[in-house]
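Please read the structure below before turning to the comments.
Please treat every number below as a calculation from the coordinates, not as lab data. Since this is a predicted model, take the numbers as computed values, not measurements. In this analysis, Cβ positions are derived from the backbone assuming ideal geometry, glycine residues included, and neighbour counts consider all displayed protein chains.
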Amino acid sequence: MKKVMIVVGVILLILVTFASVAFAVYWHRNIHWYDKYEKALNETGAEEKQITFPSGNVINYGEIENDKPPLLLIHGQMGIWEDYALVMPELSKNWHIYAADVYGHGGSSHEESLYYIDVNGDDLIWFINHVIGAPTVVSGHSNGALTAAYIAAYGGGNIAGVVLEDPPVFSTEGEGWENSFAYLDTYKPLHDYNTSDKSECWEAYYLRRCYWGQLYMKDAMTGIANYAQKYHEKHPGEAVKIGFLPSSIWSVFAYAKEYDFAYGERFYDLSWNHGYTHEQILSEIEVPCVYIHAKESLHENGTYLCAASREQAERAATYIGDNCRLIETDTSDHVIHTVHKDFYIEAVNSL
């Protein structure tokens, strides 16, 4: 019996040790999620640069120089240009890459008067004409895809084609907006935080109220939010890191450190469109277009857990016309260029 107990004890010790090591590795990979981004940027020789417009506005951007055709990448909400790092090594085999921070994000100008689709879109058209200076394919993600659509519609002869990566068509001009995941998970909490006393950090405030948390982890979110607040207090000025959760959940906190929350208000009150309708913009696109739609996902409570429904995507493609190719991923993951890298790269390279 004693020998059996010793064997059982040894086995338990091995299992506990193995589990501890596995969790430590998992924690380390989550905390160091950005290492693979830095590795990719170093591999491609990407350089961060800035251009000051005649107006005094500044666009911060990354560039990978070569003799290939130019490609302009436009990130989505709370992103920065480095968000594209993981696809840059492969894309740079075929493209001279420019990846811009939109206004209110990263190193570009933070000024509320700039936070409109046409204002940022017109300045990026100027960027294409005066910095790139050659026919350019434009690819945007999420609301960056709507900006890319604006550029494709009104950019003139230097726009060679456009990739629209899961744009929130029609919803961000009010169609089912308050029942959309983007509104409930991002813009409503962000607006409420902006008008709160800000007694806790944004990360804790968001985690305490985020829609996905209330749907899937309601009982755990208070504890996670409390952890985020304690981390913030212990590391003031740093983005909150939560090693026990997948980095895909909280990595956006790092980008939010360079994000002007006033930008989000333009989506909360739907003023970002600045008088333009999505039908109007899409109908003006005449260059070749690839529209990448993330598979529709609908919660049992009726909330769309996706940027656009299948019907909205098909309607958008119809407005663009015969020059548009609509393709769809097999999951509803919104950041397609990260989750479905090969799928995204193939779509861009098709142009």
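What to note about this one:
- Listed by Cβ neighbour count within 10 Å, with the fewest neighbours leading, I224, I31, I132, I159 appear as I31, I132, I224, I159.
- For the stretch 181-298: lysine pairs under 27 Å (alpha-carbon distance), excluding those fewer than 8 apart on one chain: 20
- GNM top mover of V25, V131, V87 - the chain, alpha-carbon springs below 10 Å: V25
- Between 0 and 90 degrees, the angle of helix 2-31 with respect to the longest Cα principal axis of the chain falls at about 20 degrees.
- GNM top mover of L245, L73, L326 - the chain, alpha-carbon springs below 10 Å: L245
- Computed from point charges on the beta carbon alone (+1 for Lys and Arg, -1 for Asp and Glu), the dipole magnitude for the chain about its Cα centre is near 1740 Debye.
- Unmatched cysteines, the chain - criterion: no other Cβ of a Cys under 4.7 angstrom: C201, C210, C306
- Residue among G79, G237, G223 with the largest mean-square fluctuation in a Gaussian network model of the chain, springs linking Cα atoms under 10 Å: G237
- Positive contributions from Lys and Arg (+1) and negative ones from Asp and Glu (-1), summed over other residues with Cβ under 15 Å from the Cβ of H299, come out at -2.
- DSSP beta bridges fully contained in the chain are about 30 percent antiparallel.
- Distance between the stretch 36-80 and the stretch 135-185 - C-alpha centres, whole angstrom: 19 Å
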